[in-house]
Amino acid sequence: MSEAGSEVGKIVLIDDEKEVSSFFSKVFENFKHVRFFSSSRARHGIEIAKRERPNVVLLDLQMPEINGEEALKELKPLLPGTRFIMMTGWDDGATKNRIVNEIGVDAYFEKPVDLEKVMAKIFELMMVK
Amino acid sequence: MTFTALIGLLNACTSFTLGLFVFRKNPRSKKNQSYLYFGLAVALYSFGYFMWGRAQTPRDALLAFQVLVSGIILINSAYLEFVFSLLGKLREKRKILLFCHALNLTFLILNAKLLLYQEVVKKSVWGYWPIVETPFYAYFGFWLWQVGYGLFHLWKSSRRVVGKRGTQIKYVFISTLIGYFGGGTNWLPWFDINLPPHLNILVTAYVGILAYAIVRHQLLEIEVIIKKTLVFAGLFGVVMAVVSVATALTQTYLNRYFTVSPTVSMALTAFLVILLYDPTRKLLVNMTDRYLFQKKEDIKVTLKRLSESIITMLDIDLVGRKILSTLQETLRLDSGSIILKNENEKNYRVLDAFGVAAKDLEFDKDEFFVRYLSEMPRMVNLEDPAEKTNLPIGITGKLIDLKAVICIPLFLHADLIGILTLGKKKSDEEFTVEELEYLPTVATQAAIALSNARLYDILKKSQIDFAQQAKMAAIGTLSAGISHEIKNPLNHMRLAIGMLRMNRKLGVYKKLPQDQLEEEVFSALDSIDANITRATEVIERLSSFAKKPKELKIEPVNLELAMEHALRFMTREFEHYGIKVERNYGKGVPEVLADLHAVEDVLLNILVNARHAIQDHGTIEVLTCRQGEEVEACVKDTGAGISPQHLEKIFDPFFTTKDTSRNTDEKAIKGTGLGLFIVRELIKKFGGRIAVESEVGKGTAFRIFFPVPGKEPLNHV
């Protein structure tokens with residue numbers, strides 16, 4: 001299914017909950033020109049992102065070992081052309097402030113997320129180069 | 001020894017000791033100094049009389065008179081000094097006083113050189129008396145003038161000055177008048193009027209009256225000294241009496257039957273004196289206390305009653321009322337009030353009052369009245385004219401409003417926790433020295449009792465239920481994690497729904513065969529169902545944790561299991577803050593007898609503290625092991641550590657290094673200071689103990705020990 005060229009959109013999801021990845025995956029099955037990667041382990045996910053250089057990276061904040069904030073900090077400088085979306089159920093204004101204002105994300109969604117809105121955002125970000 | 005000599009000796013002793021004691025009480029005061037001078041002069045004069053009483057030859061008599069007259073001359077000098085220092089006019093009358101002193105000095109010299117009189121003759125059956133020379137008349141005139149001058153000023157002031165000082169002056173005037181009258185009769189024989197100098201006794205009376213004045217009207221504030229002197233004089237008299245009686249008895253009676261050697265009679269006397277000394281002393285002390293120092297007894301009784309009742313009272317209103325009513329009764333006051341700091345620490349309210357409409361008054365803590373008293377470590381006494389003039393108008397005005405003449409600030413640890421105000425006495429009498437001296441003690445006791453009651457009040461009002469409080473404290477810090485735990489399942493549910501909707505929008509399901517569509521939909525529903533279960537579990541865990549336990553249930557508890565339960569609550573939080581957990585559970589660690597939920601609470605509390613200590617990135621090590629006859633559960637963190645001075649206080653209730661204000665900044669770590677106190681109380685309930693080790697910058701270790709069931713614990717905290 002892979003097509004050469006920048007027409008192929010790539011999305012990487014890093015979330016420790018496997019169900020999240022399975023739902024997104026099911027949806028992305030319908031978009032032939034988008035390749036969807038995911039990992040439930042942050043380290044692994046970061047490696048995938050570095051390798052694939054996706055258009056959009058979806059991150060969950062709360063993860064064991066390395067949390068989403070740190071993964072974001074690590075990946076951002078390495079992937080200048082990539083857009084980042086953070087999803088989180090963590091109810092802490094200070095953290096949100098840090099992520100949105102200090103580090104900077106392209107979108108921030110609070111759980112429970114509306115799948116359609118997230119998808120819309122992903123495609124919007126993919127358009128912008 | 002003649003009667004005169006005896007009186008003379010008595011006078012000399014009492015004057016001398018009195019003067020000395022007064023001086024020692026306050027060596028720097030002009031009044032006390034001049035009183036010493038006066039006392040010495042009277043003693044000299046009296047001693048002269050003693051000498052005269054015993055004189056057998058004209059030469060002895062002459063010498064006696066020289067001493068006596070020197071005393072007389074000096075008495076006047078000292079007397080004027082004393083009077084004017086009492087009246088506060090030393091500076092004003094400086095010139096006249098110096099003139100008098102100089103003149104007296106001249107006469108002193110004349111006396112020594114026998115220029116006032118040259119010889120003595122036996123005037124009457126009472127003894128030798130000098131024959132006067134011309135210069136004597138000059139002196140006599142001067143003597144009269146000095147006496148009159150002093151008495152005149154005393155009389156004038158006593159009419160003018162009111163209140164306490166006026167009474168003082170009156171007493172000095174009267175007693176001096178009596179004394180000089182008595183002493184003055186001694187001049188009569190000088191002028192050939194043959195009256196025996198027995199009225200000398202009035203000099204003793206003068207000493208007595210002055211003593212009374214001092215005691216009752218605070219003339220020189222030396223009541224204890226006066227008491228000592230009176231007791232001493234009394235004892236002296238008694239001893240003398242015993243000696244004379246014993247000697248008389250042995251000489252008149254016993255000698256008839258056997259020969260009693262002087263040694264034996266002396267021994268007998270000594271024996272009697274020693275026997276009677278202590279009981280006599282005690283009797284005299286009690287009598288003087290009861291009759292002369294009645295008020296002191298009252299104050300002692302007051303304090304005793306007060307301390308017995310209020311220290312154990314825990315209702316703050318009752319304490320305040322009791323203090324006020326006790327003071328009202330024993331001091332017989334017209335009005336009074338007690339003002340207390342409110343729990344909000346922002347203002348003060350009148351807890352109770354009588355004789356004045358002040359019940360609903362409030363004072364702001366920044367008000368001048370309050371600030372002034374906060375800086376005043378002693379009480380304010382409006383009956384002291386000097387103090388009254390020095391007080392700011394704002395303060396006197398406030399006190400008058402409260403109908404108060406005495407205002408006592410109540411301090412506990414440099415914090416003004418209240419104010420006690422006392423009005424005038426019903427009898428309109430002024431507060432005596434003893435009362436004023438004891439009031440600060442009453443105030444201290446009041447402060448302690450009030451503070452105890454207030455603390456208890458706070459405890460009662462916050463309805464501390466140990467286990468519940470620990471839970472609430474723990475739950476507060478877990479809300480972010482709990483919320484997350486529930487949001488995840490909710491997220492999955494919404495994603496499932498979102499997926500179905502999205503796929504429908506994309507038209508996926510139009511093309512799908514029925515059974516595949518069913519498959520998708522129902523698998524999504526299964527997922528939703530599972531997530532509902534998951535969310536419910538989280539809620540159930542939380543609510544069973546939050547539920548108030550009926551009683552502590554003692555059962556065998558596996559500490560490792562309790563630790564894991566507690567850790568489960570903290571997993572998300574530890575993740576979020578980058579805290580790693582190391583587990584080192586010992587093998588074969590016996591179970592302990594405790595309540596599982598309580599132990600979980602305790603461990604959770606400590607884990608929360610550890611989390612706060614670390615703040616960001618660190619390690620928490622948990623372990624369980626057996627230590628002899630105890631089982632240990634330990635939580636170590638690599639956090640900020642606790643300083644030694646805090647270390648000894650961390651288990652104290654209300655001690656905390658965290659922010660206890662209502663600061664709403666989320667970043668501020670909050671604390672009530674009750675966590676570890678409650679933890680320790682809970683552990684104690686199970687016969688356990690808790691210990692802490694810490695090093696600033698390195699970390700802290702909390703060790704909890706439980707006794708191994710069936711064995712006595714080694715030692716308790």
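Being in contact (Cβ under 8 Å) with a residue 40 or more places away in the chain and open to solvent by 30 Å² or more (accessible area, probe 1.4 Å): is that true of B:V592 here? Here the answer is no, as B:V592 does not meet what is asked.
Here is a yes/no grid of residues against (1) part of a helix (DSSP H, G or I); (2) of a type in the set (A, V, I, L, M, F, W, C):
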| residue | (1), (2) |
| --- | --- |
| B:N11 | yes, no |
| B:F23 | yes, yes |
| B:P27 | no, no |
| B:Y35 | yes, no |
| B:F50 | yes, yes |
| B:Q56 | no, no |
| B:L63 | yes, yes |
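Mind checking whether some residue in region A:94-106 is buried (at least 17 other Cβ atoms within 10 Å of the Cβ) and closer than 17 Å to A:S21 by Cα? Scanning region A:94-106 turns up no residue that is buried (at least 17 other Cβ atoms within 10 Å of the Cβ) and closer than 17 Å to A:S21 by Cα.
Taking region B:440-491 only, how many residues are among the small types (G, A, S), modelled with pLDDT under 70 and buried (at least 16 other Cβ atoms within 10 Å of the Cβ)? Selection size over region B:440-491: 6.
Among the residues of region B:361-379, those identified as in contact with a Leu (Cβ under 7 Å, 6 or more places away or on another chain) and within 29 Å of B:R165 (Cα to Cα) are B:L373, B:M379. For region B:360-403, a residue qualifies if it is buried (at least 17 other Cβ atoms within 10 Å of the Cβ), at negative phi and of a type in the set (K, R), and exactly one does: B:K398.
Among the residues that make up region A:67-90, is at least one of them within 14 Å of chain B (Cβ to nearest Cβ) and of a type in the set (F, W, Y)? Within region A:67-90, one or more residues are within 14 Å of chain B (Cβ to nearest Cβ) and of a type in the set (F, W, Y). Residues in region B:529-573 that are modelled with pLDDT of 85 or more, within 14 Å of chain A (Cβ to nearest Cβ) and open to solvent by less than 30 Å² (accessible area, probe 1.4 Å): B:N531, B:A535, B:L567. With respect to the conditions (1) open to solvent by less than 20 Å² (accessible area, probe 1.4 Å); (2) modelled with pLDDT of 85 or more, B:I310 falls short on a single one, namely (2). Scanning region A:38-55 for residues that are crowded, with 20+ Cβ neighbours inside 10 Å, part of a strand (DSSP E or B), within 14 Å of another protein chain (Cβ to nearest Cβ) and small (G, A, S) turns up at least one hit.
Checked against (1) of a type outside the set (A, V, I, L, M); (2) touching a Lys or Arg at 6+ places or on another chain (Cβ under 7 Å); (3) open to solvent by 10 Å² or more (accessible area, probe 1.4 Å), A:G89 passes all but condition (3). If you filter region B:122-140 down to residues that are touching a strand residue (DSSP E or B) at 6+ places or on another chain (Cβ under 6 Å) and within 18 Å of B:T4 (Cβ to Cβ), you find that the one that is modelled with the lowest pLDDT is B:K123.
The values are calculated or read from the model by the stated rules, or taken from the named source; none is laboratory data. The model shown is predicted, which means the values in this text are computed figures rather than measured ones. Quick reminder, even Gly has a Cβ in these numbers, built from the backbone with ideal geometry, and neighbours come from all protein chains shown. Calculation scope for accessible area: heavy atoms of the full protein, side chains included, ligands and nucleic acids excluded. Shrake-Rupley method; radii C 1.70, N 1.55, O 1.52, S 1.80 Å.
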